[in-house]
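The values are calculated or read from the model by the stated rules, or taken from the named source; none is laboratory data. Nothing here was measured: the structure is a model prediction, and the numbers come from that model. For neighbour counting, all protein chains shown are included, and Cβ atoms are generated from backbone atoms with ideal geometry for every residue, glycine included. Heavy atoms of the whole protein, side chains included, go into the accessibility calculation; ligands, DNA and RNA do not. Shrake-Rupley method; radii C 1.70, N 1.55, O 1.52, S 1.80 Å.
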Amino acid sequence: MQQLLPVAIRSVLEKPARYAITCLCFFFNAICAKTVDVSKLDKLEEDVVVTLCLLEKFFPPSFFDIMVHLVVHLVREVRLCGPVYFRWMYPFERYMKVLKGYVQNRTRPEGCIAERYIAEEAVKFCTQHLSDVSTVGVPSSQKIGVSKPLSGCTNTEEVLPYIEQHMIHIKTAYPKFRKRTKWLQDKHNSTFIQWLRFKVQSELEEDNHGVSENLRWLAAGSNMAVPLYRSYLIKGIKFNIKAQDDVRTTQNSGVYLLAHTMQVASAKDKNPILSNMGLYGVIQEIWDLDYQKFTIPVFRCDWIDSSGLVVDEFGFILVDLSKIGHRNDQFVLASQVKQIFFVDDPMHRGWSVVLSMPNREYNDVIGDEVLGDVIIECEPFTRGMPNVDTFDELVGELGGQNIRGGCEDIWIG
């Protein structure tokens, strides 16, 4: 209901009915988020009342039983009890399916569950005290690429002072191009790696150089033999290359990157600006760069060109996967991207709707590391309901009068 239903009804219902159901989906996505802005709860409660009134225009009276009426009180429940995911039953219902799978003798289901649970618990306990023993039930092919790579944030913080020094060096060496931002950026991209290597080597010759171990290996460069993977598991999220997804029914190759990059209006634009820009892409290759002491996984992606990106009136992100751009800069750190999914748009052939990765429950852990949120800020489900103009226009089509509409952006995550 939070992810697929708004996409599925895009081509099968009229616009007013589709809008009412989509608003209800937005509401449930807002209250089920990991983090909810308390100051927006009053507005959210008012909007869900309007949404239920819109639903009464399309559904018969028999549809509105006590369960539909209880939706009005869900916001008050969030205000009193906190986030929904601490109290819902989905984790327990999923685990009940695991326990039912233990039953081999249907005349003694409780005994089967008890024996199987004790046996697995004993085996897992023993594996903690034995070396070179894999976990029961995990295929070996799923472990390819599993590692704890160097954090992209740490990498950036260590290299950032050298990036600033290199830009100053370029402006000093080429004074005639000081005001040409695009030329300076291209020159920086093509010469920074070699400059960094000589810079770090000169600092290492000093007594108190202050160069960290990670930075020393980064400046030295990676091993020329680079292993390629079809799948990679990082931070509990599995990424596949596009060729791997083509032979499977699941999809794990979509990525989103919020980059602080240079933007130009056209090829002749001589006054580019630096700002945040959302990039959507598909993983084509997964490289694991070996720096002797650590490894850094990087993705080579086909990024969607800006001409293949559209936002419709409901806030859905539509992309044309055939329009590829940014071919001169395809690589990105695996730790910097977020996983997304592309669903074929039933209304526009050749276009796909972008969906973000569903939030994980609070008790989904791998080892001692709790998995964090993966929320795309520009997704329609994190923006609340459509704007006031769209709402008033649709209410006018329905013939409604004196209905207060619209909704401010609901900040989630």
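For every residue, the table says whether it meets (1) aliphatic (A, V, I, L, M); (2) free of Cβ contacts under 8 Å to residues at least 60 places away in the same chain; (3) at positive phi.
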position	(1), (2), (3)
Ala20	yes, yes, no
Cys23	no, no, no
Phe28	no, yes, no
Cys32	no, no, no
Asp37	no, no, no
Cys53	no, no, no
Glu56	no, yes, no
Ser62	no, yes, no
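Can you name every residue in the stretch 186-245 that is among the hydroxyl-bearing types (Ser, Thr, Tyr), over 22 Å from Asp290 (Cβ atoms) and open to solvent by less than 60 Å² (accessible area, probe 1.4 Å)? Give the steps one after another, and end with the answer.
Of the stretch 186-245, the ones among the hydroxyl-bearing types (Ser, Thr, Tyr) are 190-191, 202, 212, 222, 229, 231-232.
This time we only want the ones that are over 22 Å from Asp290 (Cβ atoms), so: 190-191, 202.
Across the stretch 186-245, the qualifying residues are Thr191, Ser202.
Scan the stretch 10-42 for residues that are open to solvent by 40 Å² or more (accessible area, probe 1.4 Å) and of a type outside the set (Phe, Trp, Tyr) and jot them down.
Of everything in the stretch 10-42, those that are open to solvent by 40 Å² or more (accessible area, probe 1.4 Å) and of a type outside the set (Phe, Trp, Tyr) turn out to be Ser11, Val12, Leu13, Glu14, Lys15, Thr35, Asp37, Val38, Ser39, Lys40, Asp42.
Any residue that is surrounded by fewer than 11 Cβ atoms within 10 Å (Cβ to Cβ) and under 29 Å from Leu355 (Cα atoms) - is there at least one of those in the stretch 280-295?
no
Just checking, does the stretch 12-19 include any residue being more than 21 Å from His348 (Cβ to Cβ) and not acidic (Asp, Glu)? Write out each step before concluding.
Going residue by residue through the stretch 12-19, those that are more than 21 Å from His348 (Cβ to Cβ) are none.
Among the residues of the stretch 12-19, not one is more than 21 Å from His348 (Cβ to Cβ) and not acidic (Asp, Glu), which makes the answer no.
All but one of (1) assigned to a strand (DSSP E or B); (2) in contact with a Gly (Cβ under 6 Å, 6 or more places away or on another chain); (3) more than 30 Å from Pro16 (Cβ to Cβ) hold for Ser335; state the number of the condition that does not hold.
Unmet for Ser335, out of (1) assigned to a strand (DSSP E or B); (2) in contact with a Gly (Cβ under 6 Å, 6 or more places away or on another chain); (3) more than 30 Å from Pro16 (Cβ to Cβ): (1).
Mind checking which residues of the stretch 319-341 are open to solvent by less than 20 Å² (accessible area, probe 1.4 Å) and under 17 Å from Asn240 (Cα atoms)?
Correct list: Val332, Ala334, Val337, Gln339, Ile340.
With the checklist (1) closer than 26 Å to Asp312 by Cα; (2) over 28 Å from the mean Cα position of the chain (by Cα) in hand, flag the one item Leu80 doesn't pass.
It fails just one condition, (1).
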